[in-house]
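First the structure, in the form of structure tokens, and then the observations on it.
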Amino acid sequence: MIRKELRIVSIVILLAGGFLLAKDFWEKPYTEWKKADVNKMLGDSPWAKTQTTAEQVGGKGSGVGGDKEIYNNVVIRFFSALPVRQAYVRTMQLMNNYDSKSESEKAEIDAKFGRILKIDFSKMIIVALEYSTNDQERRMNVKRYLENTKVEQLKQSCYLISDRLGRIELQEYYPPSPDGTGAKFVFPRMVGDKPAVTAEDKEVKFDLYLSPVNQRVFLTFKINSMMHGGELAI
């Protein structure tokens, strides 16, 4: 009886050890990522968070009492983090059947889409925003806002928040680009002689008031989860 119980305990320990040793998909080469991996990287990962709010509004719809449920979906990604850029490249690879191509064809695809991996982000941290909703009017209002707002306006309502330095002021802003990578908020990597974010920090936060939908976007990212290849990827 004792021997049987010990055997069961051993099996449990071995299984637990296997789970502990399981690697996150981003520890594999990005060229091996599946579509589901890419989606997770860009929407729910250490480098990307999604904030969704919903409300009932009067009017025609499928809700109770004729009300319609409207949702606002905001995705925030650290675009300057290498794993996020790898996910964009992998998206294009999958769209072009990269895995079944010859080596020369792969080289052509790499040359076309791989440039994003070589951009120098040593002086800036870029946060990207993507917005979606099931309400056409709100979609258009946010689209116009993101296309036309200026960095001077955003400086009053958009910050990167560091453990040590508090609010870090926005440096530049770029409207959504045709490539689908969203609006870009640019922050300095150095504030004076101090790094904005370090591997010793616990968290970094992104704070934005999205005025067209009266929504505060406030998301927290855990620094110890943002390590990639032994270094902080941000």
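Do we have any residue at all in the stretch 161-174 that's assigned to a loop (DSSP other than H, G, I, E, B), aliphatic (A, V, I, L, M) and over 22 Å from the mean Cα position of the chain (by Cα)? Yes: one or more hits. Among the residues of the stretch 213-226, those that are under 14 Å from the mean Cα position of the chain (by Cα), assigned to a strand (DSSP E or B) and surrounded by fewer than 17 Cβ atoms within 10 Å (Cβ to Cβ) comprise Phe218, Thr220, Lys222. Between Asp110, Asp120, the distinction of being free of Cβ contacts under 8 Å to residues at least 60 places away in the same chain, of a type outside the set (Ser, Thr, Tyr) and assigned to a loop (DSSP other than H, G, I, E, B) belongs to Asp120 only.
Tell me, which residue of the stretch 123-155 that is part of a loop (DSSP other than H, G, I, E, B) and closer than 16 Å to Gln215 by Cβ is most open to solvent (accessible area, probe 1.4 Å)?
The first filter runs over the stretch 123-155 and keeps only residues part of a loop (DSSP other than H, G, I, E, B), leaving 123, 134-135, 149-150, 155.
Imposing the further condition that a residue be closer than 16 Å to Gln215 by Cβ reduces the set to 134-135, 149.
Details: Asn134: 58, Asp135: 28, Thr149: 12 Å².
Going through the qualifying residues, I end up with Asn134.
Every test in (1) of a type in the set (S, T, N, Q); (2) closer than 26 Å to Thr220 by Cβ; (3) open to solvent by 70 Å² or more (accessible area, probe 1.4 Å) is passed by Asn97 save one, and that test is (2). Taking each residue of the stretch 31-49 that is more than 15 Å from His228 (Cα to Cα) and open to solvent by 70 Å² or more (accessible area, probe 1.4 Å) and looking for partners that are aliphatic (A, V, I, L, M) and assigned to a helix (DSSP H, G or I) with beta-carbon atoms closer than 9 Å, six or more apart or interchain, yields Lys34/Leu94; Lys35/Leu94; Asn39/Ala87; Lys40/Ala87.
Scanning the stretch 201-212 for residues that are open to solvent by less than 50 Å² (accessible area, probe 1.4 Å), farther than 25 Å from Met140 by Cβ and touching a helix residue (DSSP H, G or I) at 6+ places or on another chain (Cβ under 7 Å) gives Asp201, Glu203, Val204. Looking only at residues in the stretch 85-107 that are part of a helix (DSSP H, G or I) and basic (Lys, Arg), the one that is nearest to Ala233 (Cα to Cα) is Arg85. Only one entry in Thr133, Thr149, Thr181 is touching a strand residue (DSSP E or B) at 6+ places or on another chain (Cβ under 8 Å), of a type in the set (S, T, N, Q) and modelled with pLDDT under 95, namely Thr181. Taken over the stretch 41-72, residues that are at pLDDT 95 or above and either of a type in the set (Phe, Trp, Tyr) or more than 20 Å from Val204 (Cα to Cα) (or both) amount to 1.
Among the listed residues Thr198, Thr91, which satisfies the condition of being out of contact with any Gly (no Cβ under 7 Å at 6 or more places or on another chain), among the polar types (S, T, N, Q) and surrounded by fewer than 16 Cβ atoms within 10 Å (Cβ to Cβ)?
After applying the criteria, what remains is Thr198.
The values are calculated or read from the model by the stated rules, or taken from the named source; none is laboratory data. Note that the structure is predicted; figures quoted are calculated from it, not measured. In this analysis, Cβ positions are derived from the backbone assuming ideal geometry, glycine residues included, and neighbour counts consider all displayed protein chains. To get the accessible areas, we keep the full protein, side chains included, count just its heavy atoms, and leave off ligands, DNA and RNA. Shrake-Rupley method; radii C 1.70, N 1.55, O 1.52, S 1.80 Å.
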